[in-house]
Amino acid sequence: MEYRQLGTSGLRVPALSFGTATFGGRGDLFGAWGDTGADAARRLVDICLDAGVTMFDTADSYSAGASEEVLGQAIKGRRDQVMLSTKVGLPTGEDRPAAGSARQRLTKACEDALRRLGTDHVDLFQLHAFDAGTPIEEVLAILDDLIRAGKTRHVGVSNFSGWQLMKSLAIADRDGRPRYAAHQVYYSLIGRDFEWELMPLALDQGVGTIVWSPLGWGRLTGRLRRGRPLPARSRLHRTAKYGPPVDDERLFTVVEALDEIGAETGKSASQIAINWLLQRPTVSSVIIGARDEAQLRENLGAMAWTLSPEHVSRLDAASEVIAPYPRFLSQLQEGFARLDPPPIARAAHRPAP
C-alpha cells in the first residue's frame, strides 16, 4: 500500500482508506447503506489490514453512532495498528436540533465518539459541515483544546465551500490555532466540481484531500449502464435523492469510457474510477466502502497498477464539463488560460503528495 502525506501535516495516510458508513444499519439515510455487525466488520478490518489499509473513517451521524460502536468492536485489541478518523457536526439521533460546532456540542460529540470507538484519541477529528451559527474563532479554539488534551492528533473538515475553508485557515494562522490538515470532499469522474475552487485552494494552502463516494454514489460500479435497469438490491433505489446529482447522458458517457478502458486493461469499472482519482492533485486518500468481502476486494484492486496517460486523457474528456464563471473563461480563451491555468496544469509544477 502506498502512503501519502496528508497535506502539509506530519500524518502519513494510506492511499486507500476504509469508510464504515455501512456499519450499524440504524436510522434512515445512513442506515440504508448497510447493516454490517461486529463479526462481519472484524473480517473486513482483517482484509484491510492485510492489504495495508490502516485508516478507518466514520462519523457520529452514521447509523446514529452505531457505526462508531461497531468499528470500535472491530478494532478492539489492535488500536495501535490503525488510524481512526471521525466526523461530527451533522444532526444525529435524538440530538438533531443540537447539530453544529458550538463548544458544548463539539466537546460532547468528541467525548461520545471516543467512548463509542473505545479509544482515548482519534488521529483525525473532522467537522462534517460548516456551522454558520458559531464564530470560526470559537470553533478553532475548541479544536485547539481537543488537540492539547490529546483527544485528537489532527483536525480537518468536510464539505466546506472555498470561502469557508480559506477564512478558517486565515483565522487559524492569525490566532495561532491548528490548521485544518484535511478536507474530505465528494469527487468522482461524474462529480468534478471539486477541481474548480477547492483543488486550487488545497494546492495553495497545503490541505490534503480525502475523497468520499469515489464511485459517484454507487453509479460507477459497472452495474448501471444505458438501457439497463438498476439491480433490485441496489441502495440507489432508497438513497438516490440524497446523492450528488448527475445528468444521465453524462453518466452513461463516462460509464461507456470505463467499459472501453476496462476491456483494454482487464480492470473493472470501479477499479478504473478509483485509480483515476488516485492520480489527481492533492488527493491523499480515497475512501472505499464495502458491504461484504467481495466488494471490498474488488475496490482494493484499484491499487498496485496505474492508468496510462492515454487512458487518463480519455477519461478526462468523457467526464469534462464547462466550468462555472469565471473559471470557464480559462477553458475558452487562451489569454485567460495563461493568466489563470486550471488546477491540473498548475499541479504539474508541484511535487506529488
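Summarise the accessible area of the chain (1.4 Å probe, protein heavy atoms) by the percent that is carbon and sulfur.
About 52 percent, which is the carbon plus sulfur part of the accessible surface.
Would you work out which of GLN164, CYS110, ILE142 lies farthest towards the positive end of the dipole of the range 3-317, given +1 charges on the beta-carbon of Lys and Arg and -1 on that of Asp and Glu, about the Cα centre?
Going by the Cα projections, it comes out as CYS110.
Helix-only estimate, please: 222 nm mean residue ellipticity of the chain, summing -39500 (n - 2.57) across DSSP H runs of length 4 or more and dividing by its residues, to the nearest 500.
Roughly -11500 deg cm²/dmol at 222 nm, from the helical runs in the chain.
For the chain, report the convex hull volume of the alpha-carbon atoms normalised per residue, in Å³, without decimals.
137
Could you order HIS183, HIS154 by accessible surface area, starting with the largest, using a probe radius of 1.4 Å?
HIS154, HIS183
Along the charge dipole of the chain, which of ALA337, LEU220, VAL70 sits closest to the positive end, that is, farthest toward it, with unit charges on the beta carbon of Lys, Arg, Asp and Glu (+1, +1, -1, -1)?
About the Cα centre, the residue reaching furthest to the positive side is VAL70.
Give the peptides 162-173, 191-202 in descending order of average Cβ contacts within 10 Å, highest first.
Those peptides, ordered most packed to least, come out 191-202, 162-173.
Spelling out what I want: for every residue of the range 106-115, take phi, set θ = phi - 60°, compute 6.51 cos²θ - 1.76 cosθ + 1.60 (Karplus), and round to whole Hz; glycine and proline get x.
5, 5, 5, 4, 5, 4, 5, 5, 4, 5
Taking the Cα atoms of the range 1-83, what is the range of coordinates along each of the three principal axes, in descending order and whole Å?
Principal extents (Cα only, largest first): 36, 25, 17 Å.
Dipole magnitude of the chain about its Cα centre, charges +1 at Lys/Arg Cβ and -1 at Asp/Glu Cβ only, in debye to the nearest 20?
320
I need the shape label for the range 85-184. Rule: rounded when a/c is under 1.5, else prolate if a/b > b/c, else oblate, with a, b, c from the alpha carbon gyration tensor.
oblate
What ³J(HN,Hα) values, in whole Hz, does the Karplus curve 6.51 cos²θ - 1.76 cosθ + 1.60 give for the range 11-16 when θ = phi - 60°, with x put for Gly and Pro?
Values, residue by residue: 8, 9, 10, x, 4, 10 Hz.
Using modelled backbone amide H atoms (1.01 Å from N, in-plane), which distant-in-sequence or interchain residues come within less than 5 Å of VAL155's amide H?
Residues meeting the criterion, in which the H sits 1.01 Å from N, are PHE125, ALA181.
Would you pull out the residues with amide H under 5 Å of VAL286's amide H, same chain only if 5 or more places away, H placed 1.01 Å from N?
Counting only residues 5 or more places away or on other chains, the set is LEU16, SER17, VAL211.
From largest accessible area down, sort VAL82, VAL321; use a 1.4 Å probe on the protein chains. Mind showing how you got there, number by number?
Numbers: VAL82 10, VAL321 45 Å².
Heavy-atom accessible area, descending, gives VAL321, VAL82.
Which order do the peptides 268-280, 107-119, 60-72, 246-258 take when ranked by the mean count of other beta-carbon atoms within 10 Å per residue, highest first?
The peptides rank, most packed first, as 60-72, 268-280, 107-119, 246-258.
For the range 281-293, in order, what is each residue's ³J(HN,Hα) by Karplus, 6.51 cos²θ - 1.76 cosθ + 1.60 with θ = phi - 60°, in whole Hz (x at glycine and Pro)?
My calculation for the range 281-293 gives x, 6, 6, 8, 8, 10, 7, 9, x, 6, 8, 8, 5 Hz in order.
Starting from the amide H of PHE130, placed 1.01 Å from N in the peptide plane, find each other amide H under 5 Å away whose residue is 5 or more places distant or on another chain.
none
How many Å² of accessible area per residue for the chain, probe 1.4 Å?
Details: 15160 Å² over 353 residues.
Accessible area per residue: 43 Å².
Between ASP248 and LEU329, what is the label-point separation in nm under the 7 Å Cα-to-beta-carbon projection?
My value for the distance between the label points is 3.7 nm.
The values are calculated or read from the model by the stated rules, or taken from the named source; none is laboratory data. These figures come from a predicted structure and were not determined experimentally. Here Cβ is always computed from backbone atoms with ideal geometry, including for glycine, and neighbour counts include all displayed protein chains. For the accessible areas, the whole protein counts, side chains as well, though only heavy atoms, and no ligand, DNA or RNA atoms are used. Shrake-Rupley method; radii C 1.70, N 1.55, O 1.52, S 1.80 Å.
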